[in-house]
Amino acid sequence: MWSAVMAPSEHQRILKVWILLFFVLHQVYCLLPAPQNVTIVSFNLEHKLIWSPGPGTPIFTHFRVQSYRKKKKQWVSLLNCSELSTGESCDLTTYFNNPHCYYFARVQAFIPDQESNWTSSKLFYPILDTILGPPVVECTSCGNCLLLQLSPPPSRGHHRQLEFFFSSYIVNVSRTRDKAQALSVYRVLRFSTGFDVSWTPEHHQHQNENV
């Protein structure tokens with residue numbers, strides 16, 4: 001009698017365990033593949049986030065992006081990057097608006113009934129991690145000489161910070177006929193014709209330059 005009474009209860013307990021296991025496995029195996037190679041690239045203080053879909057990601061998958069400012073210690077969803085398609089990137093220039101702060105960004109893949117785990121970028125520090133391009137060069141004639149004027153490259157980022165980086169230049173001048181050289185620090189340079197000129201910004205505590 002005792003076993004007959006307990007049998008239904010035991011059956012129900014086993015059934016509940018199987019149901020719970022089913023839902024756990026369903027959650028595990030229905031996760032979308034997480035994005036890979038999440039990277040913040042920056043050129044002249046213009047920043048963007050790029051990534052690759054995880055293996056097996058459906059072609060109709062979308063992606064959302066969040067940013068993390070270390071000073072505020074919170075993740076924030078980016079409205080302009082909330083439903084991106086495969087192959088698109090996220091422009092972070094306006095979100096990473098302080099070149100002296102540390103940031104992270106992360107990406108999640110999603111479809112209407114599934115989503116992936118988040119994948120985060122490496123720590124990003126704009127003032128050091130951006131790559132500086134060459135300056136804008138204007139060369140005009142002034143009779144028997146040339147006037148060389150250098151200015152910061154165009155950028156939607158922090159133009160004042162770029163002006164600091166490009167506030168002065170190391171200019172190498174060599175005479176064509178005998179290769180005699182001169183080294184000067186200038187922003188505007190006047191020199192006679194018949195010279196070869198090269199230049200680079202002076203270093204202002206920045207290491208990533210592509211000049």
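Of all residue pairs spaced 6 or more apart or on separate chains, those with beta-carbon atoms under 6 Å, a first member in region 52-67 that is free of Cβ contacts under 8 Å to residues at least 40 places away in the same chain and a second member that is surrounded by fewer than 18 Cβ atoms within 10 Å (Cβ to Cβ) are Ser52/Gln36; Ser52/Asn37; Pro55/Pro33; Gly56/Pro33; Ser67/Val76.
Within region 39-59, the set of residues being part of a loop (DSSP other than H, G, I, E, B), of a type in the set (A, V, I, L, M, F, W, C) and under 18 Å from His158 (Cα atoms) comprises Leu45 only.
Exactly one residue out of Gln114, Gln74 is in contact with a Cys (Cβ under 6 Å, 6 or more places away or on another chain) and modelled with pLDDT under 95: that is Gln114. The strands (runs of 3 or more DSSP E) located wholly in region 60-160 that include 2 or more residues which are buried (at least 17 other Cβ atoms within 10 Å of the Cβ) and assigned by TED's automatic domain parsing to the domain that holds Asn44 occupy 62-69, 103-111.
The values are calculated or read from the model by the stated rules, or taken from the named source; none is laboratory data. Model, not experiment: these values are computed from the prediction. Every residue, glycine as well, gets a Cβ built from its backbone with ideal geometry; the counts of neighbours run over all protein chains shown.
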